[in-house]
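K.L.:
Supplied in C-alpha coordinates, the structure appears directly below.
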Amino acid sequence: MKIASLTQDLLYNDKKPSIQVLLETQTSKEIRIVFKKGQHMKEHKTPFPIIVQVFKGVIEFGVNNAKQHLVAGSMIALDGNVPHDLTAIEDSIVRLSLSLKDSVARVQQVANS
(Lines give C-alpha, C1' and ligand atoms only; values in the text may rest on other atoms or scores of the structure.)
Protein backbone atom coordinates (compact mmCIF):
# COMPACT_ATOMS: atom_id res chain seq x y z
CA MET A 1 0.00 0.00 0.00
CA LYS A 2 1.18 3.53 -0.82
CA ILE A 3 -0.28 6.80 0.44
CA ALA A 4 0.31 10.33 -0.86
CA SER A 5 -1.33 13.74 -0.61
CA LEU A 6 -2.00 16.30 -3.31
CA THR A 7 -2.27 19.08 -0.72
CA GLN A 8 0.47 18.46 1.85
CA ASP A 9 4.01 19.81 1.59
CA LEU A 10 3.25 22.04 -1.41
CA LEU A 11 6.29 23.59 -3.06
CA TYR A 12 5.52 26.70 -5.09
CA ASN A 13 8.31 27.87 -7.38
CA ASP A 14 8.34 31.56 -8.32
CA LYS A 15 9.67 31.04 -11.85
CA LYS A 16 8.25 27.71 -13.08
CA PRO A 17 5.74 25.00 -12.18
CA SER A 18 6.88 22.66 -9.42
CA ILE A 19 6.94 18.94 -10.30
CA GLN A 20 6.85 16.17 -7.68
CA VAL A 21 6.33 12.42 -8.04
CA LEU A 22 3.75 11.37 -5.44
CA LEU A 23 3.40 7.67 -6.20
CA GLU A 24 4.72 5.06 -8.56
CA THR A 25 2.62 1.94 -9.06
CA GLN A 26 2.96 -1.12 -11.29
CA THR A 27 1.20 0.75 -14.11
CA SER A 28 1.61 4.50 -13.58
CA LYS A 29 3.45 7.44 -12.09
CA GLU A 30 1.27 9.95 -10.25
CA ILE A 31 2.75 13.43 -10.39
CA ARG A 32 1.72 16.69 -8.72
CA ILE A 33 2.30 19.90 -10.65
CA VAL A 34 1.92 23.08 -8.59
CA PHE A 35 1.41 26.29 -10.57
CA LYS A 36 1.43 29.88 -9.47
CA LYS A 37 -0.97 32.11 -11.38
CA GLY A 38 0.39 32.85 -14.85
CA GLN A 39 2.90 30.00 -14.98
CA HIS A 40 2.98 28.08 -18.24
CA MET A 41 4.15 24.75 -19.62
CA LYS A 42 4.90 25.26 -23.31
CA GLU A 43 3.46 23.04 -26.02
CA HIS A 44 4.79 19.52 -25.79
CA LYS A 45 3.66 15.94 -26.30
CA THR A 46 4.16 12.64 -24.56
CA PRO A 47 4.80 9.30 -26.24
CA PHE A 48 2.15 7.61 -24.06
CA PRO A 49 -1.45 8.40 -23.05
CA ILE A 50 -1.91 10.70 -20.03
CA ILE A 51 -4.66 11.83 -17.69
CA VAL A 52 -4.62 15.35 -16.23
CA GLN A 53 -6.86 16.33 -13.30
CA VAL A 54 -7.20 19.84 -11.89
CA PHE A 55 -7.43 19.40 -8.14
CA LYS A 56 -7.41 23.09 -7.22
CA GLY A 57 -7.53 26.28 -9.27
CA VAL A 58 -8.13 26.88 -12.98
CA ILE A 59 -5.98 25.78 -15.91
CA GLU A 60 -6.22 26.75 -19.56
CA PHE A 61 -5.36 23.53 -21.37
CA GLY A 62 -4.48 23.89 -25.03
CA VAL A 63 -4.93 20.93 -27.37
CA ASN A 64 -4.26 21.29 -31.11
CA ASN A 65 -4.75 25.09 -30.92
CA ALA A 66 -8.09 24.78 -29.05
CA LYS A 67 -8.24 26.01 -25.43
CA GLN A 68 -10.10 24.08 -22.74
CA HIS A 69 -10.95 25.89 -19.49
CA LEU A 70 -10.44 23.28 -16.75
CA VAL A 71 -11.65 24.08 -13.24
CA ALA A 72 -11.14 22.15 -9.99
CA GLY A 73 -12.52 18.65 -10.45
CA SER A 74 -12.04 18.59 -14.24
CA MET A 75 -10.14 15.77 -15.91
CA ILE A 76 -8.86 15.36 -19.44
CA ALA A 77 -7.37 12.27 -21.10
CA LEU A 78 -5.04 12.48 -24.09
CA ASP A 79 -3.57 9.85 -26.35
CA GLY A 80 0.18 9.87 -26.87
CA ASN A 81 1.73 12.29 -29.36
CA VAL A 82 -1.01 14.94 -28.98
CA PRO A 83 0.47 18.47 -28.68
CA HIS A 84 -0.77 20.31 -25.59
CA ASP A 85 0.14 23.18 -23.26
CA LEU A 86 -0.99 24.39 -19.83
CA THR A 87 -1.36 27.88 -18.35
CA ALA A 88 -2.45 28.58 -14.77
CA ILE A 89 -5.28 31.13 -14.66
CA GLU A 90 -4.94 31.09 -10.86
CA ASP A 91 -2.76 29.23 -8.35
CA SER A 92 -3.44 25.58 -9.14
CA ILE A 93 -2.67 21.99 -8.21
CA VAL A 94 -2.72 19.47 -11.05
CA ARG A 95 -2.42 15.69 -10.91
CA LEU A 96 -0.74 14.08 -13.91
CA SER A 97 -1.01 10.32 -14.45
CA LEU A 98 1.83 9.03 -16.62
CA SER A 99 2.49 5.61 -18.04
CA LEU A 100 5.13 3.76 -16.07
CA LYS A 101 7.13 3.71 -19.32
CA ASP A 102 7.16 7.52 -19.50
CA SER A 103 9.86 9.69 -17.94
CA VAL A 104 9.41 12.18 -15.12
CA ALA A 105 12.58 13.89 -16.36
CA ARG A 106 10.74 14.68 -19.61
CA VAL A 107 7.98 16.44 -17.63
CA GLN A 108 10.55 18.35 -15.58
CA GLN A 109 12.32 19.43 -18.76
CA VAL A 110 9.06 20.87 -20.15
CA ALA A 111 8.44 22.75 -16.88
CA ASN A 112 11.99 24.13 -16.91
CA SER A 113 11.85 25.48 -20.46
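The values are calculated or read from the model by the stated rules, or taken from the named source; none is laboratory data. Predicted, not measured: the structure shown is a model, and the values here were computed from it. Glycine gets a Cβ as well: all are built from the backbone with ideal geometry, and neighbour counts include every protein chain shown.
K.L.:
Looking at (1) of a type outside the set (S, T, N, Q); (2) assigned to a loop (DSSP other than H, G, I, E, B); (3) surrounded by fewer than 18 Cβ atoms within 10 Å (Cβ to Cβ), which one does Ile76 not meet, given that it meets all the others?
P.N.:
Here Ile76 clears every test but (2).
K.L.:
Within region 93-109, restricting attention to residues that are modelled with pLDDT of 95 or more and in contact with a Leu (Cβ under 9 Å, 6 or more places away or on another chain), which residue is surrounded by the fewest Cβ atoms within 10 Å (Cβ to Cβ)?
P.N.:
Arg95
K.L.:
Given the residues Leu70, Leu86, which is the only one that is in contact with a Phe, Trp or Tyr (Cβ under 7 Å, 6 or more places away or on another chain), aliphatic (A, V, I, L, M), part of a strand (DSSP E or B) and over 28 Å from Gln26 (Cα atoms)?
P.N.:
None of the other options fit; the residue is Leu70.
K.L.:
Would you tally the residues in region 7-58 being under 13 Å from Asp91 (Cβ atoms), among the hydrophobic types (A, V, I, L, M, F, W, C) and over 12 Å from the mean Cα position of the chain (by Cα)?
P.N.:
Residues that pass the stated criteria total 3.
K.L.:
Turning to a different aspect of this structure: List the number of the failed condition for Asn64; all other conditions in (1) modelled with pLDDT under 95; (2) under 22 Å from Lys15 (Cα atoms); (3) not small (Gly, Ala, Ser) hold.
P.N.:
Unmet condition: (2).
K.L.:
While we're on this one: Looking only at residues in region 55-67 that are part of a strand (DSSP E or B) and among the small types (Gly, Ala, Ser), which one is nearest to Ile33 (Cα to Cα)?
P.N.:
For region 55-67, the residue satisfying everything is Gly62.
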